[in-house]
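Inspection log for the structure reproduced underneath, given as structure tokens.
The values are calculated or read from the model by the stated rules, or taken from the named source; none is laboratory data. Quantities reported herein were computed from a predicted structural model and do not represent experimental measurements. Positions of Cβ are backbone-derived with ideal geometry, glycine not excepted, and every protein chain shown enters the neighbour counts. Accessible surface is based on the protein model in full, side chains and every heavy atom, while ligands, DNA and RNA are left aside. Shrake-Rupley method; radii C 1.70, N 1.55, O 1.52, S 1.80 Å.
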Amino acid sequence: MVTPFKKPAALIGLLAWILTFPLWAAEIQVRASREPVVQAESFSLIFSTADNPDGDPDFTPLSKDFEILDQGKSTNFQFINGHKSHSVTWTLELMPKHSGAVTIPPLAFGKDRSIPLTLNILPAKDPSATANPTPGDHPELLVEAETSNPTPYRLEQTLLTVRFLNAIPISGASMPEPRISSGDGVIEKLGNDQAYETERHGRRYLASERRYALFPQRSGPLTIDPIPVTVQLPGQGGNTLLKEFFNDPFIKNLPLGPGRPGQSVRLATQTIHLEAKAQPSSWPRSNAWLPAHRIMLTEKWSPDPPVFQVGEPVTRTLTLMADGLSAAQLEEIALQNPEGIKLYPDRPVLENQKEATGIIGKRIHTLALIPTTPGEHRLPAIELPWWNTDQQRQEVARLPERRITVLPAPGTATRPPESQTQPAPQPVPNPESRSVDPASGNRSAAATPETATPATPDRAPPAGATPPADASAPPTTAHLPTGTWPWVALVAGLGWMITGLLWWRGARRRQPPAAPPDNTRKAAGATEARQAEARLRAACLANDPQAARAALALLTLPEPTPMELADALGQLHATLYGPTPSPWPGERLWTAWQAARAPGAPASPSPTHPPILPPLYPS
């Protein structure tokens, strides 16, 4: 009897639960910080609820009509007369993308939804009116843009200057890089922003200036889009506290500043138009087009002044400097290979010096000159034509021709004749040196090798002796005296000479060879060291690891070995014996070698010193 009454009661309870379920969902309110909203000004969109939403919010649908600048979340708890309450608030800083009526759809907070909201967005002010105010118009915020030359040549530098001026305090400002919408050009920022005070229409402004270098890459029109500047006004201030305290619509609408505190204001420059000109028709097509304010070509020698000697390298540094061109725009300097001199150029070094007046580009060429033949040589002149944009005429940067004298290799000019460097022959007794006195018939004693000395011009030969024959005179026929004694003397002399020669050879085998004088040995070592160092320097400047290894084999590694030199030798070892070939920068090794050498100490080779680099195929 009880069961029929339970079923209707259960159905009634289930129906009441279903009908009351929407009442349990969180109610999420939404409002704008101010109305109407202006397109170029930011505003706050505030979501709030006193309940616990089902999940985190999804603000992605707002990206269709607004740019989300910032967002945050805050939670507030209150205890009043024993009653507890709390609220959750999400605040988004938005910038409208367009004007007109925009409806903010219900946004998802998990399974919960916010209520929709429709906003009326007013159009932004004309950027030209903002950038160039008319007399009598004194806005608190201004933005300006200008170019130094609206009709530059192709590749000529033009300065683009952007200024932001404010007459009221701000929290900050941001500006993106300029963007070229049509045409072809390169834009580079110049240095840091400059801050100064200026005046517009009788009103003082604080100016922030930023400069760019603009290089049109081809002739024709070039357009730069309006550059936007986003300004953040100060946050909560006295005006806001006053409005919140009185909560009066009249006070809230008082014109206490250009917008609400804490908002963001967006300004923009005018659209910039340029017309790039082609190079003059008189310019030779074979020459690179270099338009600049000034171009200079200089040289530097090491050593200075240079001393040219066969086999000794001399470093020549050529610097090409252009005011108004970047280093990448400068062409490589064309060099002629002079006869009798080998050139070993290094990789050029590119430098850009950015100043408020523009870019100064530098291209530095370093090359080693190694003479191969002595005598008079000629280094050809170097010429580089360029276009003077200030004078509107062609000019030439030039280094004049240089005539040099190359000295012979060390030791070549002062080397004695080969006949003087050979050991002197042993004196041979002359059979005719024995004279016979016709009166007595007695023979004079023959001179021995120890006492025999050649006749000198100051000393006349004795009577009856045969005068020494001139080496340069033609040979003559000797008339030998007849008789037995001359033949006996000849045989005896030859026997004595053979005996002395055998004794001298035996003594030479038993004795060690005489060492050369110490000063001769030092001079030879110093000469070899200089030549080895010259070969090492040439190999390093030419980035030739094999030649550097051969030169190092003739040199002595300093003790102790500096860390920088050890690292450079390790790099050379890795290049020579590494698994994969790689380019080797030799300048580091030559710099480390020069730093490791003691001042004035020759890097003479030592036969007992271990090799600097290990052999290619170690045993």
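Return the total of residues in segment 161-180 being within 19 Å of Thr230 (Cα to Cα) and within 36 Å of the chain's Cα centre (by Cα). Before the answer, list the steps.
The first filter runs over segment 161-180 and keeps only residues within 19 Å of Thr230 (Cα to Cα), leaving 161-179.
From the residues that got through so far, the ones that are within 36 Å of the chain's Cα centre (by Cα) too are 161-164, 172-179.
Of the residues in that region, 12 qualify.
The residues of segment 539-577 that are open to solvent by 30 Å² or more (accessible area, probe 1.4 Å) and of a type in the set (Gly, Ala, Ser), listed by number, are Ala542, Ala547, Ala550, Ala553, Ala566, Gly570, Ala574. Of all residues in segment 82-100, those being in a strand (DSSP E or B) and open to solvent by 80 Å² or more (accessible area, probe 1.4 Å) number 2. Report the residue count in segment 326-338 for those that are at pLDDT 85 or above and open to solvent by 90 Å² or more (accessible area, probe 1.4 Å). The total comes to 2.
Yes or no, residue by residue, for (1) of a type outside the set (S, T, N, Q); (2) more than 20 Å from Thr366 (Cβ to Cβ); (3) modelled with pLDDT under 85:
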| position | (1), (2), (3) |
| --- | --- |
| Thr527 | no, yes, yes |
| Arg537 | yes, no, no |
| Pro545 | yes, no, no |
| Ala550 | yes, yes, yes |
| Leu569 | yes, yes, no |
| Glu587 | yes, no, no |
| Tyr617 | yes, yes, yes |
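Applying the criterion of at least 3 residues that are open to solvent by less than 40 Å² (accessible area, probe 1.4 Å) and either within 28 Å of Ala288 (Cβ to Cβ) or touching a residue at least 24 places away in the same chain (Cβ under 8 Å) (or both) to the strands (runs of 3 or more DSSP E) found wholly in segment 141-231 leaves 141-147, 158-166, 185-200, 203-216, 220-224. Got a sec? Which of Asp323, Asp346, Asp304 is over 30 Å from Pro216 (Cβ atoms), surrounded by 14 or more Cβ atoms within 10 Å (Cβ to Cβ) and out of contact with any Pro (no Cβ under 8 Å at 6 or more places or on another chain)? Every option except Asp346 fails the conditions. Going through (1) within 28 Å of the chain's Cα centre (by Cα); (2) open to solvent by less than 80 Å² (accessible area, probe 1.4 Å); (3) free of Cβ contacts under 8 Å to residues at least 40 places away in the same chain one by one, Gly375 falls short only on (1).
The single condition from (1) open to solvent by less than 30 Å² (accessible area, probe 1.4 Å); (2) modelled with pLDDT of 80 or more; (3) out of contact with any helix residue (DSSP H, G or I) (no Cβ under 7 Å at 6 or more places or on another chain) that Gly506 fails is (2). Among residues belonging to segment 49-74 that are among the small types (Gly, Ala, Ser), modelled with pLDDT of 90 or more and open to solvent by 40 Å² or more (accessible area, probe 1.4 Å), point out the one that is nearest to the chain's Cα centre (by Cα). Within segment 49-74, the match that is nearest to the chain's Cα centre (by Cα) is Ser63. Restricting segment 378-390 to residues that are free of Cβ contacts under 8 Å to residues at least 60 places away in the same chain and part of a strand (DSSP E or B), which is surrounded by the fewest Cβ atoms within 10 Å (Cβ to Cβ)? Here the residue is Glu383.
Considering (1) aromatic (Phe, Trp, Tyr); (2) open to solvent by less than 70 Å² (accessible area, probe 1.4 Å); (3) over 50 Å from the mean Cα position of the chain (by Cα), say which one Phe79 fails and leave the rest. Evaluating Phe79 over (1) aromatic (Phe, Trp, Tyr); (2) open to solvent by less than 70 Å² (accessible area, probe 1.4 Å); (3) over 50 Å from the mean Cα position of the chain (by Cα) leaves (2) as the failure. Please tell me if Ala356 is small (Gly, Ala, Ser), out of contact with any Pro (no Cβ under 8 Å at 6 or more places or on another chain), closer than 23 Å to Pro585 by Cα and surrounded by fewer than 17 Cβ atoms within 10 Å (Cβ to Cβ). It is false that Ala356 is small (Gly, Ala, Ser), out of contact with any Pro (no Cβ under 8 Å at 6 or more places or on another chain), closer than 23 Å to Pro585 by Cα and surrounded by fewer than 17 Cβ atoms within 10 Å (Cβ to Cβ).
Under the condition of being among the hydrophobic types (A, V, I, L, M, F, W, C), within 26 Å of Glu144 (Cβ to Cβ) and modelled with pLDDT under 90, the residues counted in segment 250-285 number 1.
For the subset of segment 23-81 comprising residues that are of a type in the set (Asp, Glu) and in a strand (DSSP E or B), which member is nearest to Pro228 (Cα to Cα)?
Here the answer is Glu41.
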